[in-house]
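What follows is calculated from the coordinates using simple rules that are stated; it is not laboratory data. Everything numeric in this text was worked out from a predicted model, so none of it was measured. Virtual Cβ from ideal backbone geometry, glycine too; neighbours counted across all protein chains shown.
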Amino acid sequence: MNRAGVALIAGLLFGTGLAFSGMADPQRVQSFLDLFGNWDPTLAFVMGGAMIPMAIAWVIQRRLDKPFADAHFDLPGTSRIDGKLASGAVLFGMGWGISGLCPGPALADLALAPGKAVIVVLAMLGGMIAHRVATR
């Protein structure tokens, strides 16, 4: 199978998981983030459960010379925490808290509930363009 096919299958699996888990529901996400109000802890179990297959994937990746559909692994080269990373995390968190959607669920919601998702996706694209312009 080629790289595009693997990416398509992975994207469909990820989107399906987001939809079934409730991570693509902005109300549920905002209730999860509302620690001192009407808190809904169910997404903590979703996120905790996601760590198990990811930990298994890390173990498998360390034993492989190359990925299934590419010539080499494309892993981050640094783990340094700097101002750019911290400010990006703050902006991500603010957008997630305000909209109830992070990038994956926002893209999935383009098919499920496009009204709010279109606004979030356009804002993400605007942020990516602004970052590219500012870092040149």
Lone unmet requirement of (1) over 16 Å from the mean Cα position of the chain (by Cα); (2) surrounded by 13 or more Cβ atoms within 10 Å (Cβ to Cβ) for A106: (1)
Top-ranked residue of segment 1-49 - restricted to ones that are among the aromatic types (F, W, Y) and out of contact with any helix residue (DSSP H, G or I) (no Cβ under 6 Å at 6 or more places or on another chain), ranked as nearest to A113 (Cα to Cα): F20
Search result, residues across segment 92-121 that are assigned to a helix (DSSP H, G or I) and among the small types (G, A, S): G93, G95, G97, S99, G104, A106, A108, A111, G115, A117
Residue list for segment 36-49, restricted to those being of a type outside the set (V, I, T) and in contact (Cβ under 8 Å) with a residue 12 or more places away in the chain: D40, L43, A44
